[in-house]
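The values are calculated or read from the model by the stated rules, or taken from the named source; none is laboratory data. Owing to the predicted nature of the structure, the values given are computational and were not obtained by experimental measurement. Cβ placement follows ideal geometry from the backbone for every residue including glycine, while neighbour counts extend to all protein chains displayed.
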Amino acid sequence: LLYQREKPFLPQKLQASVAFIDIPAQELKDNFLLNASLNFLQAKKIMKGYEDGSFKPENPINRAEFIKMLAESLAAGEIPDKKVPCFRDVKGNEWFSKYVCHAKDRTWTQGYEDGNFRPEGTLNQAEIVKILVTSMGWNPETTKISEAPLEKISENEWFSKYYKLAVARKVIMQNEVSPEKLLTRKEVATMLFRTILIDTLKIAQFDEKKVPDFFRITNVSFTAEPQPFTKEPAPKKK
């Protein structure tokens with residue numbers, strides 16, 4: 001069965017800012033994809049900055065954080081809490097439990113052989129590629145794709161079939177393939193954005209030229225000219 005989004009993004013006008021104290025405005029101006037990714041994900045509250053105005057773009061992302069972002073991107077409305085354990089180390093009362101259990105119910109992830117999910121563990125690129133492809137319902141066994149052979153991955157690797165689809169759909173580019181690499185928040189943001197755009201527009205592969213159409217459909221304001229971060233002035237005392 002082909003995957004279809006459980007609920008379209010709500011048609012509400014959102015104003016987004018991608019100004020962070022640790023990402024220079026010039027970097028965002030030079031990197032259109034990163035600018036668009038952070039703009040959209042922040043506007044939809046899928047991936048936000050921190051209270052001090054930082055984004056921590058080079059920080060690695062853990063398993064619980066990534067599953068929460070993915071679940072919030074695709075879920076129909078509020079994800080219900082689950083009070084029963086879905087993994088040995090996910091008891092049902094943690095901040096991430098409902099997202100992890102939601103992902104398990106939909107077979108996006110099955111955890112480890114010992115019955116644990118390891119929420120604080122890191123994710124390498126191969127694991128993220130597999131979860132993204134699985135959550136989209138892109139079946140590597142039955143989907144016919146036309147693409148060049150993977151340049152850095154052997155056909156015998158467990159993750160090669162997922163990379164074939166991800167590269168063919170341009171969720172990740174050939175020059176970005178590095179299975180063992182621990183992805184940063186910045187890298188995860190661009191991969192997640194590409195995936196959401198493909199799914200929302202129902203196109204075969206990511207196309208940067210489609211970004212303006214995507215923002216119009218999702219009703220998120222976007223400017224390619226980000227402003228430097230400025231802290232909100234403190235209210236004047238009466």
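Condition check ((1) in a helix (DSSP H, G or I); (2) modelled with pLDDT under 95; (3) closer than 17 Å to Arg194 by Cβ; (4) within 17 Å of the chain's Cα centre (by Cα)) across all residues:
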{"position": "Trp95", "(1), (2), (3), (4)": "no, yes, no, no"}
{"position": "Cys101", "(1), (2), (3), (4)": "yes, yes, no, no"}
{"position": "Thr109", "(1), (2), (3), (4)": "no, yes, no, yes"}
{"position": "Tyr112", "(1), (2), (3), (4)": "no, yes, no, no"}
{"position": "Gly115", "(1), (2), (3), (4)": "no, yes, no, no"}
{"position": "Pro119", "(1), (2), (3), (4)": "no, yes, no, yes"}
{"position": "Val129", "(1), (2), (3), (4)": "yes, no, yes, yes"}
{"position": "Ser135", "(1), (2), (3), (4)": "yes, yes, yes, yes"}
{"position": "Thr142", "(1), (2), (3), (4)": "no, yes, no, no"}
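Taking the range 190-200 as the range and being of a type outside the set (Val, Ile, Thr) and modelled with pLDDT of 95 or more as the test, the residues that pass are Met191, Leu192, Phe193, Arg194, Leu197.
Consider Thr122 carefully, then state whether it is surrounded by fewer than 21 Cβ atoms within 10 Å (Cβ to Cβ), more than 19 Å from Phe32 (Cβ to Cβ) and touching a residue at least 40 places away in the same chain (Cβ under 8 Å).
Numbers: surrounded by fewer than 21 Cβ atoms within 10 Å (Cβ to Cβ): yes; more than 19 Å from Phe32 (Cβ to Cβ): yes; touching a residue at least 40 places away in the same chain (Cβ under 8 Å): yes.
Yes, satisfied.
Annotation: of all residues in the range 201-236 being assigned to a loop (DSSP other than H, G, I, E, B) and touching a Ser or Thr at 6+ places or on another chain (Cβ under 9 Å), the one that is modelled with the lowest pLDDT is Phe229.
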